[in-house]
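The next block holds one structure in the form of structure tokens; read it before the comments.
The values are calculated or read from the model by the stated rules, or taken from the named source; none is laboratory data. Because the structure is predicted, anything quoted here is derived from the model rather than measured. Methodologically, a virtual Cβ is constructed for each residue, glycine included, from the backbone with ideal geometry; neighbour enumeration extends over all protein chains shown. Ligands, DNA and RNA are excluded from the accessible area calculation, which covers all protein heavy atoms including side chains. Shrake-Rupley method; radii C 1.70, N 1.55, O 1.52, S 1.80 Å.
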Amino acid sequence: MDDYSKGAAYLSGDYMPLDRARIPVTHFAFRRSDVCYDVVGVWDGAFFRLDDHIRRFRASMVKLRMTPPESDDDIRRILHRIVALSGLRRAYVAMDCLRASPPPGAPRSAAFAPSYLSCFAVPWISLADDGQMARGLHVVIPDVQRIAPEAVDPRVKNFHWGDLTAGLFQAHDAGADTAVLADARGMITEGPGFNVFSITGGTIATPRCGALEGITRQSVMDLCAELGLPLELRDIPVAEFRQADEAFVCSTAGGIMPVSRIDGRIMGNDRPGPVSTRLRDRFWQKRAEGWHATPVDYSLA
Ligand code: PLP
């Protein structure tokens, strides 16, 4: 009897318990971070914005010239089935497209290597724990810059995390929770696993470029429209961000996560600000009401 208690995986056509999913060490996916991916959340038995995630995943694969055999409908069915196999009601569901290696005798080029899908469902993951969520995240803007979008397109969800991981270590060294990286122009971009918003004088702003076009970010933009909150997509200089009235980050892994300190500066009363809290509460209220929800087909187990 297969044990799906840790999660379920799909790898090149086969379903298996999570701890049986393995990839070859020779594959370019591993050796060259030649991967694109997406992550969709399952909350109370339903996917959130499933089609938006699959659409973004397909766009990433096209950009990286990856052509796995599965169609978008196949991917949708695979994701339902792995969640069903795991039995999870709240899950972090990853879909990865990996480049293999060229066949023996072929030139050593990615162009000759096929690509394939690996997907898994594990218990829900949040970037912030309950304590951080309640007090607000402490963030720093590290020295390390976000990799240039002209070099690695951040709109393709990718594994080139060297800059984000270095920033995270620098944040921990400074006693903070996480990092918000700036680009070479001194403009805010994003952080390890999240998009960034600042609020100054009642206006909400998020970077117009240099970041993943996050699905949660889109949800925040939708909420701003619904609540009549002014929102701008524009460059945010580091100096402005440091002095913001409020800030929050957002991700599939955690939803809307308010910030209470930037580079050691205490914002407001050192707790999540009122606008960030309003958006976060509305987000979860709408999620509970079935906003963009696709119920998981648990009969596929
Ligand atoms: N930026 C980066 C670098 C990410 O890895 C993520 C993903 O989780 C995000 C932003 C947020 O995107 P989403 O809201 O689609 O999860």
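The residues in the range 150-167 that are of a type outside the set (S, T, N, Q), more than 21 Å from H53 (Cα to Cα) and touching a residue at least 24 places away in the same chain (Cβ under 8 Å) can be counted, and the count is 3. Count of the range 214-249 residues, restricted to those that are within 16 Å of K286 (Cα to Cα), within 16 Å of the ligand (Cβ to nearest atom), in contact (Cβ under 8 Å) with a residue 40 or more places away in the chain and not hydroxyl-bearing (S, T, Y), is 5.
Listed by first and then second residue, the pairs with beta-carbon distance under 7 Å, at least 6 apart or on different chains, first residue in the range 17-40 and within 13 Å of the ligand (Cβ to nearest atom), second among the acidic types (D, E), are V35/D96; Y37/D96. Set side by side, the residues R65, R81 differ, and just one is within 13 Å of F120 (Cα to Cα), at pLDDT 95 or above, more than 16 Å from the ligand (Cβ to nearest atom) and in contact with a helix residue (DSSP H, G or I) (Cβ under 9 Å, 6 or more places away or on another chain), which is R81. Would you check if there is a residue in the range 254-269 being modelled with pLDDT of 95 or more, more than 16 Å from the ligand (Cβ to nearest atom) and either at positive phi or in a helix (DSSP H, G or I) (or both)? Yes: the range 254-269 contains one or more residues that are modelled with pLDDT of 95 or more, more than 16 Å from the ligand (Cβ to nearest atom) and either at positive phi or in a helix (DSSP H, G or I) (or both).
The residue pairs whose first member lies in the range 44-56 and is part of a loop (DSSP other than H, G, I, E, B), whose second member is small (G, A, S) and within 13 Å of the ligand (Cβ to nearest atom), and whose beta carbons are closer than 9 Å, counting only pairs six or more residues apart or on different chains, are R49/G41; R49/S219.
Is it the case, given these coordinates, that A148 is open to solvent by 50 Å² or more (accessible area, probe 1.4 Å) and of a type in the set (G, A, S)?
So A148 fails the test.
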